Amino acid sequence: NRGHEFKIELVDVVLMNPPFTRQERIPAWLKKEFPNRFSSYKKFIHGQMGFAGYFIFLADRFLKPGGRLGFVLPSTILRIPSYEGIRRLLLEKSYHIEYIVTTDSRSAFSESTAFREMLLIARKLTSGEKPSATKFINLKTIPRTEIEVDRLAEEIINA
């Protein structure tokens, strides 16, 4: 049963906590559809890439140049072979990875997960623009109130 098509305009910001579903748990019918639905990302697809990778493709597809991505992702995305294409996508599609945020206060930002997580914030560069250094931030504690979030954001921006 196929859904209905609709047009999504390009956006300035994409925020998401994509599902970390492993490729073994993706239904076979859907795995067969991925090459068609993501044909422009074919060179970045790995047969064992989890669901999160396809959500990153969607974010890239709908993000304007100069726009920002903010993801909660499994930390393994930075090192395992099945996500090598995602790392290349961020480099070849001209992204500046602005921040990678981790914490030692617990293993994850999400509730009820055993995965080690990180927050990744990246900006899609405009024509001719070059990326600069990435800031790595390790939170000692996770902010609990809006005031703590505002204070932390100010510290990070001014660091």
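The values are calculated or read from the model by the stated rules, or taken from the named source; none is laboratory data. Keep in mind that what you see is a predicted model, and the values were worked out from it rather than measured. Note that each Cβ is placed from the backbone with ideal geometry, even for glycine, and that neighbours are counted across all protein chains shown. We work out accessible area using only protein heavy atoms, side chains counted, and drop any ligands, DNA or RNA first. Shrake-Rupley method; radii C 1.70, N 1.55, O 1.52, S 1.80 Å.
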So Glu98, is it open to solvent by 70 Å² or more (accessible area, probe 1.4 Å) and acidic (Asp, Glu): no
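Kindly evaluate Arg61 against the criterion of being in contact with a Lys or Arg (Cβ under 7 Å, 6 or more places away or on another chain), modelled with pLDDT of 80 or more, over 18 Å from Ser82 (Cα atoms) and among the basic types (Lys, Arg). Even if it seems obvious, please write down each step before you answer.
Details: in contact with a Lys or Arg (Cβ under 7 Å, 6 or more places away or on another chain): no; modelled with pLDDT of 80 or more: yes; over 18 Å from Ser82 (Cα atoms): yes; among the basic types (Lys, Arg): yes.
Answer is no for this residue.
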Those residues of the stretch 2-58 which are in a helix (DSSP H, G or I), hydrophobic (A, V, I, L, M, F, W, C) and touching a Gly at 6+ places or on another chain (Cβ under 8 Å), in sequence order: Phe44
Every pair of residues 6+ apart whose Cβ atoms lie under 7 Å, when the first sits in the stretch 131-152 and is open to solvent by 100 Å² or more (accessible area, probe 1.4 Å) while the second is modelled with pLDDT under 90 and of a type in the set (D, E, K, R): Lys140/Asp104
Set Arg88, Arg79, Arg37: member being free of Cβ contacts under 8 Å to residues at least 24 places away in the same chain and surrounded by 12 or more Cβ atoms within 10 Å (Cβ to Cβ): Arg37
Single residue of Gly85, Gly66, Gly53, Gly70 found to be at positive phi and at pLDDT 85 or above: Gly66
